[in-house]
Structure formats: C-alpha cells, structure tokens
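Single-structure report; data block below.
Every number in this text was worked out from the coordinates using simple rules, so none of it is lab data. Owing to the predicted nature of the structure, the values given are computational and were not obtained by experimental measurement. With ideal geometry, Cβ positions are generated from the backbone for all residues, glycine too; neighbour counts draw on all protein chains shown.
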Amino acid sequence: MAEQRVLVIGGGISGLTAALEAAEAGYEVHLVEKNHYLGGRVAQLNKYFPKLCPPVCGLEMNFRRLKENPRIKFYTMSEVAGISGSEGDFEVDVKVNPRFVNDRCTGCNACTEACPAERPNDFNFGMDTTKSAYLPFEQAFPFKYVIDAGNCSKDCGQACKAACKYKAIDLDMKAETLKLKVGSIVTATGWDLYDTSKVDTLGGGKARNAITNMQMERLAAVNGPTGGKIQRPSDGKEPKKVAFVQCAGSRDENHLAHCSYICCMASLKQATYLREQYEDSEVEIFYIDIRTPGRYEQFYWKVRDDEKVTLTKGKVAAITEDASTGDVTVEYEDVLAGKKQKKTFDMVVLAAGMQPSTKDSAIPGISLTPEGFVQPSALKAGISAVGSTKSPVDVQRSVQDATGAALKSIQTLVRR
Amino acid sequence: MTDTETVETTETTETVEKVEKVEKLIQPDLQFAKDVVAAGGDSLKKCYQCATCTVVCNVTPEDNPFPRKEMVQAQWGLKDELYSNPDIWLCHQCSDCTAYCPRGAKPGEVLGAIRKMSLQEFATPSILSKLVGSPSGLLVLLALPVVILLGLISAFGNFPSKLPLGDEIVYAEFAPTLLAIDLPFTIAFFFALAMFFLGIKNYWGAMAEGKKLSGSVIASIKGVIVEILTHTRFDKCDLIPKRKISHMLLLYSFLILAVATGIGFAREWGHLLGMELEHPLYIPMKILGNIGAVALLLGLAIVITNRFAKAAQLGLGSYFDWLLILVISTVAVTGTMAELLRIGNYAPVAYWVYFIHLVSVFFLFAYAPYSKMAHMLYRATAMVFSKMTGRNGA
C-alpha cells in the first residue's frame, strides 16, 4: 500500500494551489515552506496579472481554503534535506528551523515594540528595516511573529520574551529534522530575483536610484516601505521621469541565459503605477524585444498608446549616477534611429529576471538544467515540478500547472 | 498635361525608386553571410540586435555607431554597405563588445572576419587573396620563396656543405647580398607596394563614390599619423591588458627594424662602391636592429599570451590572424637565432636558420597586401577618410 500522502515543496502560489487541490480531492498533504510565511513572491507584489488585483485577493482566498482543510499540514521555516525511496514510498527529511515563537502568539506586537534590535527588511528588498522580532507584513499567514536570531543578540531576545505576556516566545527552540513518509512529491520552489549588481553594464548596483522591478512593486504597494507612494530611495523625491531597463540580466549568457517571461509585462504594469500616481510623469522603456505573450498583447497596446510612455528599441548597457543630484543616466543605442545616446532620469527601474531558487539551493536528488531549473524529464517517477521551478512563468499559468501536478501526484497514489 | 498629372508622374517615379531601394535592402546575399561565417565570424547568426556592443564600444562615433549595424548588415548579406564605408576599420577589435555580448555573437571576431574579406576583395590579383586566405594555400605560398631563394643560392652562392666549417660564419657567402637578397627582396618589396597602391585605390574609390569630402588630405593624413604613432585609440580599449603596449611594441619594432635595414642597405651599396666596412655590434645599425628584435619578441609574447589567456571569453582568433602572428614570430625568432648562432659560430644550423629567416621575411613582404599585415594601410586609409567626411569620434 502506497503512502496516501503528497509532499509539496514550496508554499508560494504554485505550491499552495497544488497542496489545496490535492487536499480538496481528499488526500493528505504536507506543505514545506522555506520562509516563515506562505504566499511566496505573489505576497510581495503590488498588483498581479491577469486581473491586476492586489495579492490579498488571491492569497486570502487560498489561506481560507487552507485553514478550513484539515488534510493539509504545513511547515514554515523548513527545508527539504534529503529524499529517499521511490514512487509511492518516499521518505523525506525536512529540517525545521526555529522560529523562537510558538503557537501561543496572538500577534499583539508587544515583542516588536520591546525589541531593541533592527534588521534589514528582506520582504521589502532591503529598502527599510524592521525590528528583529517582527511580522513580515500585515496579512502574513501564519499570523505569527518571528525572531531573527541572526540580528538579535541575547539581551534582545530576553527583552522580547519579557514583553510577551502570552509566553509565546521560546528562545530555546532548536532546529529539528522530521521524517515524512509520502507517496508522491510536487516541487514548487519558485524563483529568486537576479542580483543586478552583478551586471557591470547596468552600473553594478552603484546607482542608488536604479532600483529593481521587485523594489518598484514594494514601493507601489500600500503595505510597502513608503505606504504605496512611489519615491526614489536616495532622497524621497517623487520620480517624474522614469526609465525601465528591460532584460536586466535576462537573455544574457553572462547572467541568465533565458528570457524571464514576465519582465516586459511587469514593466508595462509598473509604468501604469507611475502614470496613475503622477499625472505629469513620463516613462521610457528600453527594450530588445517587447515580449507580451498571448492576450497580454492587449495590455501592451494600452500602455503603448499612452503618449507619456515611450518605447525605445535598444538595450541599456551603461548606467551612471550623478552623485550630487542622485539622477541616473542611461546609455543606449536608439537602434531605430541609429544613434548612440545618453539620457538622464529621476529614477531607473531594472527589469531583473527570475533565477530559479534551485540554482542556489538545490533539492537533494533533483536534477537541474545548466541554468538551475528543475529538469522535468529527469524527475523520478512520483515527483513532479510546477511553475517557475521549471521555466519562468506567470501566476495564472503557474496555478494551472499546479492543478495539473496535483492530479498527477494523486494518480501516483491511486495507481499503487 | 495638367499639373495634377505631373504630380502623379513624379509620385510614381518616387514610389518606384522607393520600392527598388527596399527590394535592394531586403534582398539577402546569403552567400556573403556564409562567407563571413567561414572567414571566422561563425558566431554572426547569434546576434539578436540588442545593441549592447555599440554602447560598450569606446571607439565608435555616436552617430550611426558600430558594431550592431555591421552585425545586421552582415546577417542580411549587405556586402556593399559594409565595404564602402570606413566603419569596419575604425573598429580596433578591443573586444569589449565580445566580452559583454549577451549572446556570444562575438562582434569583434565578426568584424575581423569582414575586414579580412574586405581587404581581400579590394586586393589584386585575387588569386593571391585566395591563397593567403585559407590554410590550403599555405604550401604554394611557401614554395615560391623557397624555390626562388634556393635557385638563387645554387646559382650565385654556396650551400653550407661547400662552405668551410669552423671558420667565421658569413651569411653573404651562403646567400650573396646583391643577387640572392637584394634582387628578390627589392622585387618583392616593390610588388607589394604596387599591389597595395591598387588595393587602397579600389577601397578609396568604393568609399568616396557619391560622398562629399571636405578638409585637406594632407592635414587628415598628418592627424592620422600622429594618432597611429601615439596609439590614442588603443587607450579606449578596456579589456585586453597591455594591448596598447604590445601593439605599440610591434609597430615601433617594425619602424626601428626598417631604419636598421635602410642603413644596412646604404652601407652595402657603399661597400659595393669600394668602401671598406666592418659590422661590429656597436654600430648604430646593429644596435637598432637588436633593440628592434627585442621589442618585436616582447610584443609578440604579450600578443600571444593575451590571445590564449582571453580565448574562452573573446575567441582565439582566425587562421588569418594567426598566419600573421606566426609569420612575424618566425621572422623574429629566426632573425634573432641567426645572429646568435653566427656569434656562437654554430655553422651546421646557422645557415639553415638564416634561410628560414629569408623565406619568412619574403613571405611577410610579398604577401602583405593580402594578409592581415594590410590592416595598417586599410585602417589608416579608413581613418583619413573618416576625418575627411566629418565622421565624429574619429
């Protein structure tokens, strides 16, 4: 008899969907997530396609499904350390890292208020800081605080503990390893944003007001570091003239050899954030090719027809900062005009690409492509991969893919 | 005829012209693209026109910049567009473009291949271009100086077996200066000069057709000479270490060796006219010759080391590149060895090393208009032309 359980690795939109679909079909599911919250990259977006709704609308619904379904057991702050066995009978080692906050946490915020130490806020891509005892964002699920031990000295932990009247803080928590027995596995480990400071031709991360597209999402998000007001990092000035630099690392064999699929749409979308916030703003998008697959083309037309939006063919290959004003100058060849030019902007958004998470943290026993994606054809029977684990993809296609993978993983259980 | 009709006629003519122009533009010469690939530009088709190359290039003018434009022209087979302007030669193959190219399309290597094809198209007779252009021609090219020199030596000189071993080595007894050296080398030199003249004339003609030239030729040439002697454009190359130094070493060693050769030639004629001459190592001719040789060897060592060190990133280079590097290396190494062997009085090898030296020098001179050596004149011509047409950045 096969283990009647599915393991889903990754709690982003793909993994959540796969887990919920399998559970709602009546199967037990273990969901393992590296972060201390579920929702993955979608949670960091301001709005997402196709409906341009904020992530709350999609995630909220999924969290509700998850809360109501007793068949799903999820582990945050957890990583898969090893997979053994075969289809129908896998044994998986899962390392669960300490949160230092137990289930008694009510989310009262007392520990944050009392905490003396701060940490860079990775949820906002380093644009602000949080206390070392914190909740990453208001809608975080599970709604439980966490202590960043790396940025919290001993006294700091004690201060948090003393402030918690619910005895929810347990500074003695240790990492533990669980052994999960499952019949099938779905990997949905998603992507990391490519580190654009590695790209010499884009200023090597030196220009303060050359931000990434994900930072732009956070700037525009109501729960972001500026409360949704788009302002540039160096001085808080309202950026009225903004450049978007496409293929910031993508389609470049020195960086990411693949097309990251979503960045053209992301920049077009972010152009609308800016145009909606500042009526007198101007946007210029520098591209090699504008790639808006399928029906996204219509969104492209809409943005293109805004007379304050200019699309210029030519990849930006030099970025410099004016140290006194903070303005950013980009250098490019206007290919259609045949002119090498420089132009100065208040702010530049780098359309950084997707690097598969497995590139830096591979799942033991799972073969990868040279770019670091999971190689679907090399997966063992009983294991399937979903969404951007295999290739860059958008949310709606990830979700469809996840539903398909849930069915596949159920078939594995039923077949045996 | 009414006014309306006139207008219509004009419009029709214009439309026809436009259509013809467009047809010409989109008519691809696929063979040309294949030839570029064969000439060493095998990465050509990887280019997707992002223009990173143009931006990272520090030597391009800003208006109508290169090398992105050249990449698409080559892909489309627009041979005339490529050959009839100075741009492919304004490129100094710093290879910054190749290093940053996101597709591995190696614009530096592709432009190098196009330059080879361009100079061989303008050079005449074309049979020599073909022989120099591919490894299959190498034996024929080598056979010519070997046969000529062996013939002259057997007619007028002495083979080493007939020379008294153990005595001082006198290369002139092996290959008599006047008949075995001056005769063939003067002919080779003037042949090369004449062929260079014809090739450059063809190139200038192709560039100048229908274009407006301004500015004085003399002033432009002067400016270009100063630029070449100071190697200012090489300063703009970011990536290859010491490229300016190695290329300058090569240029100046050639100039120094040319002066030394000139002095030698004059002394020899003095000798023929009855002057008694000795050639100790401390006379200016020898000092210059030796300085030239050391500079040449050093320059070559840096060039070759750089080629290998950067091969993975920038490409190893084509047969055409390596033919010149190897010929010059042979000239430098055998020249230096011939001198050392003479001083060391090691006769069994010395004469044949000297013979290889003569063959390689002949090779270098006689085939210069068809080999990469020709870059010096084609590039200089392109630089003069760009000055006279107000091409900025030039």
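For this structure, a couple of remarks:
- Residue among A:Leu171, A:Leu256, A:Leu274 with the largest mean-square fluctuation in a Gaussian network model of chain A, springs linking Cα atoms under 10 Å: A:Leu171
- Here's how it looks for A:Ile185: its modeled amide H is under 5 Å from those of A:Leu7, A:Ile383, A:Ser384, which are all 5 or more places away or on a different chain.
- Ratio of Rg to Rh for region B:14-122: 0.98 [Cα atoms; Kirkwood radius as inverse mean 1/r over pairs].
- Folded to 0 to 90 degrees: helix B:3-26 orientation relative to chain B principal axis, Cα: 40 degrees
- For region B:14-122, a simple Cβ point-charge model (Lys and Arg +1, Asp and Glu -1, everything else neutral) yields a dipole of about 440 debye relative to the Cα centre.
- The amide H of A:Gly85, built 1.01 Å from its N in the peptide plane, has A:Glu91 as neighbours under 5 Å, considering only residues 5 or more places off or on other chains.
- Restricting region A:181-246 to trypsin sites (Lys or Arg not before Pro) in coil, as DSSP defines it, with at most 12 other Cβ within 10 Å: A:Lys206
- Taking Lys and Arg as +1 and Asp and Glu as -1, the other residues whose beta-carbon sits under 14 Å from that of B:Asp167 total 0.
- Under 5 Å, built H, 5+ apart or other chain: amide partners of A:Tyr48: A:Cys53
- Of the chymotrypsin sites (Phe, Trp or Tyr not before Pro) in region B:234-293, the ones in a loop by DSSP (not H, G, I, E or B) with at most 14 other beta carbons within 10 Å are B:Tyr282.
- Counted over chain A, the DSSP beta bridges are approximately 50% antiparallel.
- Proximal charge balance of A:Ala220 [Cβ under 10 Å; K/R count +1, D/E count -1]: +2
- Fewest neighbouring Cβ atoms within 10 Å first, the residues B:His357, B:His375 line up as B:His375, B:His357.
- Sparse-neighbourhood loop sites, trypsin sites (Lys or Arg not before Pro) in region A:9-94 - DSSP loop, at most 15 other Cβ within 10 angstrom: A:Lys51
- Rounded to 5, percent antiparallel among DSSP beta bridges of the protein assembly as shown: 55 percent
- Dipole of region B:218-333, positive direction: furthest Cα of B:Phe265, B:Leu314, B:Ile228, with charges on the beta-carbon: B:Leu314
- Across every direction, the projection of the convex hull enclosing the Cα atoms of region A:195-352 has a mean area of 9.0 nm².
- Put a plus charge on the Cβ of each Lys and Arg, a minus charge on the Cβ of each Asp and Glu, and nothing anywhere else: the dipole of chain A about its Cα centre is then about 720 debye.
- Expected 222 nm ellipticity per residue - DSSP helices of 4 or more, -39500 (n - 2.57), all of chain B, to 500: -22000 deg cm²/dmol
- Distance violations [Cα-Cα > 21 Å] among A:Lys73/A:Lys95; B:Lys79/B:Lys116; A:Lys342/B:Lys244; A:Lys131/A:Lys161: A:Lys342/B:Lys244
- Note on the protein assembly as shown: dipole from Cβ charges, positive end direction compared against B:Tyr354, A:Gly190, B:Cys50; the farthest Cα belongs to A:Gly190.
- Residue-by-residue Karplus 3J(HN,Hα) for region A:136-149, coefficients 6.51, -1.76, 1.60, Hz, glycine and proline x: x, 7, 4, 8, 3, 10, x, 7, 9, 6, 8, 10, 7, 4
- Residues in region B:178-192 carry Karplus couplings, in order, of 5, 8, 9, 10, 4, 4, x, 6, 5, 4, 4, 4, 6, 4, 4 Hz; the curve used is 6.51 cos²θ - 1.76 cosθ + 1.60 with θ = phi - 60°, and Gly or Pro positions show x.
- Only one residue of A:Ala159, A:Ala114, A:Asn124 has its Cα farthest out toward the positive end of the dipole of region A:110-163, where Lys and Arg carry +1 and Asp and Glu -1 on Cβ, and that residue is A:Ala159.
- Phi to ³J(HN,Hα) by Karplus 6.51 cos²θ - 1.76 cosθ + 1.60 over region A:237-243, Hz, x for Gly, Pro: 5, 6, x, 9, 10, 10, 9
- Beta bridge orientation in region A:274-378: antiparallel %, DSSP, nearest 5: 70 percent
- Kirkwood hydrodynamic radius of chain A, from inverse mean 1/r over distinct Cα pairs, in Å: 22.6 Å
- Taken about its Cα centre, region A:239-356 carries a charge dipole of about 320 debye when Lys and Arg each add +1 at the Cβ and Asp and Glu each add -1 at the Cβ.
- Exposed GluC sites (Glu not before Pro) absent: longest stretch of chain B, with sites in DSSP loops and at most 15 other Cβ within 10 Å deemed exposed: B:279-394
- Calculated on the Cα set of region B:126-388, radius of gyration then Dmax: 20.3, 67 Å.
- Overall form of the protein assembly as shown: prolate. Here a/c, set by the Cα gyration tensor axes a ≥ b ≥ c, is 1.5 or more, and a/b is the larger of a/b and b/c.
- In chain A, Cα pairs under 8 Å separated by at least six residues give a relative contact order of 20 percent.
- Cα gyration tensor shape of region B:172-255, rounded if a/c is under 1.5, else prolate or oblate by comparing a/b with b/c: oblate
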